[in-house]
Amino acid sequence: MERTKVSKLLNETPGQEVLAKGWVRTKRGNKNVAFIALNDGSTINNIQIVADPAMFDEDVMKNITTGACISVKGELVASMGSGQAVEIQAKEIEVLGIADPNEYPLQKKGHSMEFLREIAHLRPRTNTFGAVLRIRHAMAFAIHKFFNDKGFVYLHTPLITGSDCEGAGAMFQVTTMDLNNIPKREDGSIDYDQDFFARPTSLTVSGQLEGELGAMALGEIYTFGPTFRAENSNTPRHLAEFWMIEPEMAFYEIKDNMDLAEEFIKYCVKYALDNCMDDIKFLNDMFDKELIERLENVINTEFVRLPYTEGVEILKASGVKFEYPVEWGIDLQSEHERYLVEQHFKKPVILTDYPKDIKAFYMKQNDDGKTVRAMDVLFPKIGEIIGGSQREESLEKLEARIKELNMDTKNLWWYIDTRRFGSAPHSGFGLGFERLLLFVTGMSNIRDVIPFPRTPKTAEF
Ligand code: 4AD
Ligand code: MG
């Protein structure tokens with residue numbers, strides 16, 4: 001007999017033989033009847049199994065404990081109890097895997113998120129992480145669908161790279177050299193000729209530079225992959241390994257870029273509301289009573305578009321005493337971003353035209369000589385969710401900026417070549433996948449929206 005998933009069983013008509021498999025969430029009852037709540041991960045909802053203990057081996061009944069994996073054959077019947085339409089009247093039960101109640105860590109409900117992080121190998125079995133991981137999947141699917149429907153090409157950019165896209169120097173080095181015996185040259189420097197790639201390499205912080213090469217041939221591309229940043233930021237919004245979606249479009253000016261970013265985020269949020277309501281409702285009720293309202297608001301409001309300089313004026317006039325004082329030229333902190341979004345405008349804000357000194361070398365320079373055509377999308381509760389820009393397409397200006405920043409052109413000749421051969425106006429942006437998930441799930445720590453978080457001093461699972 002074929003197994004039916006719980007998500008399907010809950011919508012089947014009673015009066016048929018079924019086979020269910022899954023993990024026991026709870027067992028209650030007495031000598032005469034046992035009620036088992038079974039979950040198989042296909043939905044946040046459990047199916048109730050009703051069993052007459054007299055019909056089963058004593059050992060089998062004893063081993064049906066929270067966390068155990070069981071297989072149940074029986075009849076799907078209309079449920080007498082409230083809370084579910086159907087349940088299974090058990091005829092055969094097999095215990096596939098026991099979970100000793102004295103040792104299984106998820107015995108009770110209501111563990112702290114901190115504790116659950118320490119058992120990342122088991123936390124997917126909780127309602128909360130089941131919901132988050134199903135939503136994570138749905139968002140990944142929605143993202144591919146959004147771009148595929150628009151004719152964008154999914155470009156796979158390398159994870160191992162010889163260049164630092166963001167120029168922040170926060171890269172994890174990749175090497176096969178023996179750290180106890182590093183090959184040196186005569187002058188004492190490291191002899192990278194003897195390393196695997198015969199050059200220094202790192203894990204990428206962004207697929208953008210290669211993405212731009214793709215856009216200059218295929219027109220519109222996007223990347224969707226892991227990125228790595230060795231910045232030592234222990235915050236609820238930073239991971240050392242996170243996933244990023246980076247569309248890159250030929251012939252887009254900054255306004256087209258903003259339009260796409262806004263449409264894209266709204267599409268993802270709407271997709272979640274349309275397709276993940278069971279899970280979102282659970283998270284709304286358990287963690288964040290304003291979650292659904294916030295998601296609906298984002299779909300229905302036009303994002304504010306505002307130059308950085310005006311944003312700074314608003315912050316200075318606010319009278320708020322920020323931890324980091326505001327001055328034109330500073331890199332905005334999340335307290336500033338959240339003030340603009342949550343207090344001042346009460347809606348998402350796209351901030352543009354940042355000072356060139358706090359942004360990356362590749363951004364298109366404005367005529368004022370001070371600012372670049374950058375755009376950051378700022379969200380309630382999150383702060384920056386998207387960073388992007390129009391790119392500098394002029395060979396002359398790009399080379400001048402690279403020189404000004406004392407960057408090594410040796411590693412970037414191939415990138416500069418795109419400005420030499422058939423250069424075109426183009427733009428793109430990067431959405432932090434986990435930041436999107438923070439917003440959509442209402443979780444408050446980024447460690448809780450990725451299965452196995454990588455942060456400073458943690459890489460256990
Ligand atoms: O603003 P960032 O650094 O932009 C880029 O990397 C560009 N190359 C993107 C582009 O134009 N193609 O990063 C983009 C987004 C941020 O807005 C944020 O959402 C996310 O990536 N992000 C992080 N998410 C989690 N942990 C971190 N340490 C992150 N750093 C950036
Ligand atoms: Mg940024």
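The values are calculated or read from the model by the stated rules, or taken from the named source; none is laboratory data. Since the structure is predicted, the reported quantities are computational estimates derived from the model, not experimental observations. In this analysis, Cβ positions are derived from the backbone assuming ideal geometry, glycine residues included, and neighbour counts consider all displayed protein chains. To get the accessible areas, we keep the full protein, side chains included, count just its heavy atoms, and leave off ligands, DNA and RNA. Shrake-Rupley method; radii C 1.70, N 1.55, O 1.52, S 1.80 Å.
Scan region 118-167 for residues that are surrounded by fewer than 18 Cβ atoms within 10 Å (Cβ to Cβ), within 16 Å of ligand 1 (Cβ to nearest atom) and basic (Lys, Arg) and the total you get is 0. Where strands (runs of 3 or more DSSP E) sit wholly within region 344-437, those with at least 2 residues that are surrounded by 21 or more Cβ atoms within 10 Å (Cβ to Cβ) and polar (S, T, N, Q) occupy 383-390.
Suppose we keep only residues that are open to solvent by 30 Å² or more (accessible area, probe 1.4 Å) and more than 24 Å from the chain's Cα centre (by Cα) within region 301-317. Which one would you say is nearest to Lys270 (Cα to Cα)? Don't jump to the end; show me each part of the working.
The first filter runs over region 301-317 and keeps only residues open to solvent by 30 Å² or more (accessible area, probe 1.4 Å), leaving 301-302, 305, 307, 309-310, 313-314, 316-317.
Checking which are more than 24 Å from the chain's Cα centre (by Cα) leaves us with 305, 307, 309-310, 313-314, 316-317.
Working: Arg305: 21, Pro307: 28, Thr309: 32, Glu310: 30, Glu313: 33, Ile314: 31, Lys316: 35, Ala317: 35 Å.
For region 301-317, the residue satisfying everything is Arg305.
The number of residues in region 133-187 being touching a residue at least 12 places away in the same chain (Cβ under 8 Å) and part of a strand (DSSP E or B) comes to 6. In a residue-by-residue description of region 401-414, the property of being in contact with a Phe, Trp or Tyr (Cβ under 6 Å, 6 or more places away or on another chain), closer than 30 Å to Leu273 by Cβ and not charged (D, E, K, R) applies to no position.
Residues considered: Val298, Val326. Of these, the only one that is open to solvent by less than 10 Å² (accessible area, probe 1.4 Å), among the β-branched types (Val, Ile, Thr) and out of contact with any strand residue (DSSP E or B) (no Cβ under 6 Å at 6 or more places or on another chain) is Val298. Of all the numbered requirements in (1) more than 28 Å from Ala240 (Cβ to Cβ); (2) more than 13 Å from ligand 1 (Cβ to nearest atom); (3) at pLDDT 95 or above, Lys403 misses one, and that requirement is (3). For the condition within 19 Å of the chain's Cα centre (by Cα), open to solvent by 40 Å² or more (accessible area, probe 1.4 Å) and not acidic (Asp, Glu), Ser444 qualifies. From the list Glu246, Glu212, the lone residue that is touching a helix residue (DSSP H, G or I) at 6+ places or on another chain (Cβ under 7 Å) and within 16 Å of ligand 2 (Cβ to nearest atom) is Glu246.
In region 183-241, the residue that is nearest to the chain's Cα centre (by Cα) out of those that are closer than 22 Å to Ala168 by Cβ and among the basic types (Lys, Arg) is Arg237.
Quick one: is His336 at pLDDT 95 or above, in a helix (DSSP H, G or I) and open to solvent by 60 Å² or more (accessible area, probe 1.4 Å)? So His336 fails the test. Residues that are within 15 Å of ligand 2 (Cβ to nearest atom), in contact with a strand residue (DSSP E or B) (Cβ under 7 Å, 6 or more places away or on another chain) and either outside the structural domain of Cys165 (by TED's automatic domain parsing) or closer than 25 Å to Gly319 by Cα (or both) within region 342-380 comprise Val349, Ile350, Leu351, Thr352, Asp353, Tyr354, Pro355, Asp376, Val377, Leu378, Phe379, listed in sequence order. Just so you know, in region 190-209 the residues that are part of a loop (DSSP other than H, G, I, E, B) and open to solvent by 40 Å² or more (accessible area, probe 1.4 Å) include one that is nearest to ligand 2 (Cβ to nearest atom), and it is Pro200. In region 252-271 there is at least one residue that is more than 17 Å from the chain's Cα centre (by Cα) and basic (Lys, Arg).
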